[in-house]
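Each remark here refers to the structure printed beneath this line.
The values are calculated or read from the model by the stated rules, or taken from the named source; none is laboratory data. Here the structure is a predicted model, which is why all the values come from computation and not from measurement. Note that we place each Cβ from the backbone using ideal geometry, even for glycine, and neighbour counts take in every protein chain shown. Heavy atoms of the whole protein, side chains included, go into the accessibility calculation; ligands, DNA and RNA do not. Shrake-Rupley method; radii C 1.70, N 1.55, O 1.52, S 1.80 Å.
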Amino acid sequence: MSKTFEAWRERFERLRANTLFETAVIAIIIFSALLIGAKTYEETGRFQQWLLAMDVAVTVFFLVEILIRMAAEKRLRDFFRQGWNVFDFLIVTASLIPLDDSEMVLLARLLRIFRVLRLVSMIPELRVLMAALVKSIPRMGYVALLMFIIFYIYAALGSFLFADIDDFLWGNISTSMLTLFRVATFEDWTDVMYATQEVYAWSWIYYLTFIFLTAFIFLNMMIGIVLDVMQKESVQMEIESGKGEAAELHGLRRDVRGLRDQLDRMEAALGSRQEGREVDRHGED
């Protein structure tokens, strides 16, 4: 019984690692996304039964695919130790909610939209990007906090200086922050500046310094954080896959550490022998 189970597990493992199988899964995920988009058009109403049948077929395919990946593991708990596997399992399980239930139809449609995210778990490069984005959030939080402080200071100044010119844009600090967000995104910000320049000719300094801080400095800081994390994640992926210069460098470092450990053990052995000889000499004397 165990030999039969192991034989089937090896077959499922080979199937899971097969490039054609992975390509087929990616193609079905893209087809599922197109299927969801097609349902938003009124012209496809006459094909409702066909669309429903194809949706059921896609759901069954995803269910079979996740079962194959689970069966390919030596132990089932090993499958759930990887975060992306848990994500795929939840998405596939949520897709089993029937669409014909009037109370659950909206939830079922919303959950089926998230099947598109399975592309991230299937493509290693997208996993690196997602991991870099998630790991960058804590570091970007400090930049965002500093940016909020700058927004708050400039919004208070703008409210004090320009409220009499345009109460709608600068009436209080909250509306002033929304106006500054418009300026930071370059959405007709010159119209705002020209309106205040008619009263305060020097107000261009206010806008240019704010844009320099937000659009140039803080934006580049966030980009630098993401690029730094992405580089580290790429190196880690190369090390795990055993390919690339990073993997070779990691292997060389591991070999050097092994040689150092061997030298340390040899020096310790030689030192102990030398001490033993000195003890023997003192004993003879």
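General remarks:
- Ala108 being in a helix (DSSP H, G or I), of a type outside the set (Ser, Thr, Tyr) and at pLDDT below 90: yes
- Qualifying residue in the stretch 163-174 (condition: under 29 Å from Gly224 (Cβ atoms) and either touching a Ser or Thr at 6+ places or on another chain (Cβ under 6 Å) or in a helix (DSSP H, G or I) (or both)): no
- The lone exception for Thr175 - which of (1) of a type outside the set (A, V, I, L, M, F, W, C); (2) at positive phi; (3) modelled with pLDDT of 85 or more it fails: (2)
- Residue match in the stretch 12-35 (condition: in contact with a helix residue (DSSP H, G or I) (Cβ under 8 Å, 6 or more places away or on another chain), open to solvent by less than 70 Å² (accessible area, probe 1.4 Å) and over 22 Å from Pro124 (Cβ atoms)): yes
- Within the set Ile137, Ile150, the sole residue that is of a type outside the set (S, T, N, Q), touching a residue at least 12 places away in the same chain (Cβ under 8 Å) and in a helix (DSSP H, G or I) turns out to be Ile150.
- Tally of residues being under 12 Å from Leu96 (Cβ atoms) and open to solvent by 10 Å² or more (accessible area, probe 1.4 Å) across the stretch 59-71: 3
- When Ala94, Ala72, Ala57 are checked against the criterion of being modelled with pLDDT under 80, under 23 Å from Glu22 (Cβ atoms) and of a type in the set (Gly, Ala, Ser), Ala94 stands alone in meeting it.
- Subset of the stretch 162-193 [open to solvent by 60 Å² or more (accessible area, probe 1.4 Å) and in contact with a Phe, Trp or Tyr (Cβ under 7 Å, 6 or more places away or on another chain)]: Arg182
- Residues satisfying the stated conditions in the stretch 194-217, i.e. open to solvent by 30 Å² or more (accessible area, probe 1.4 Å), in contact with a helix residue (DSSP H, G or I) (Cβ under 7 Å, 6 or more places away or on another chain) and within 20 Å of Tyr152 (Cβ to Cβ): Leu213
- Residue check, Ala246 under 33 Å from the mean Cα position of the chain (by Cα), closer than 30 Å to Asp166 by Cβ and either surrounded by 12 or more Cβ atoms within 10 Å (Cβ to Cβ) or modelled with pLDDT under 65 (or both): no
- Test: residue in the stretch 39-50 that is at pLDDT 80 or above and farther than 26 Å from Leu129 by Cα: yes
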